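Structure, as C-alpha cells:
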Amino acid sequence: MRADDGRALPNFISQALRNEPLTIHGDGSQTRSFCYVDDLVEAICRAADSDFLYPINIGNDAEITIREAAEAVIELSGSKSKLTFVDRPVNDPDRRRPDLTRARDILGWKPKEPWREGFKKTIEYFKTTIDPSVL
C-alpha cells in the first residue's frame, strides 16, 4: 500500500497521522473486509503450489463498515482527527466480502491476522513512510 493510492485504509491512515479529517464517502455504512498482507502472501503461495486451475478468492471475511474502519484508525493511531463526509462515488460498492470457501477447502487456508492487529501494524509501517515533518 502506498499512502496516496486512493484506497480507504491508506487514506485514513495518512490523514490520521497528519491529524487531518478522515474523508468518508457517503455515510460510511458500506462494508469492506481488510486482509493483512502476510495472510495474502501465504494464500497466494499456497495457490501457486496447488494444481487447482480455477479462481480462488482470498482476503478476509471479517466485514466492518467504512466508518468503523475510520474510527479504529483514529483510535489506534492516537490521532486527533475527526470524520468528514463527502458524496459517495456512483460506482462505490455497498459491500465487499470474499467467499473464502475454496481457499479453505482447496488450500486449507484462512486469514490469521485480526483486522485490528493488521491495522496496528499498517499504521506503524506508514509512520516510517510519511515525511516526519508533516506529522
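Rule-based calculations on the coordinates, nothing more; no lab input. Everything numeric in this text was worked out from a predicted model, so none of it was measured. Because the Cβ atoms are built from the backbone with ideal geometry, glycine has one as well, and the counts that use them run over all protein chains shown.
Miscellaneous remarks
- Mean separation of Cα pairs under 8 Å and 6 or more residues apart, divided by the residue count, gives the chain a relative contact order of 37 percent.
- For segment 49-119: rounded, prolate or oblate by the Cα gyration tensor [a/c cutoff 1.5]: oblate
- Neighbour-count ranking [beta-carbon atoms within 10 angstrom, fewest first] of Val86, Val73, Val37: Val86, Val37, Val73
- Rounded to 5, percent antiparallel among DSSP beta bridges of segment 8-128: 40 percent
- Taking the longest Cα principal axis of the chain as reference, the axis of helix 37-49 is set at about 20 degrees.
- For Arg102, net neighbour charge (Lys/Arg +1, Asp/Glu -1) across residues whose Cβ lies under 14 Å away: -1
- Relative to the longest principal axis of the Cα atoms of the chain, the long axis of helix 66-77 lies at roughly 70 degrees.
- Built amide H within the under 5 Å cut-off of Phe85, gap 5+: Ile24
- Listed by Cβ neighbour count within 10 Å, with the fewest neighbours leading, Ile44, Ile74 appear as Ile44, Ile74.
- Between the beta carbons of Val86 and Tyr54, assuming R0 = 35 Å, the FRET efficiency works out to 0.35 to the nearest 0.05.
- Helix 8-17 axis versus longest C-alpha principal axis of the chain: approximately 40°, rounded to the nearest ten.
- With N counted as the residues of segment 1-74, its alpha-carbon radius of gyration over 2.2 N^0.38 Å works out to 1.34.
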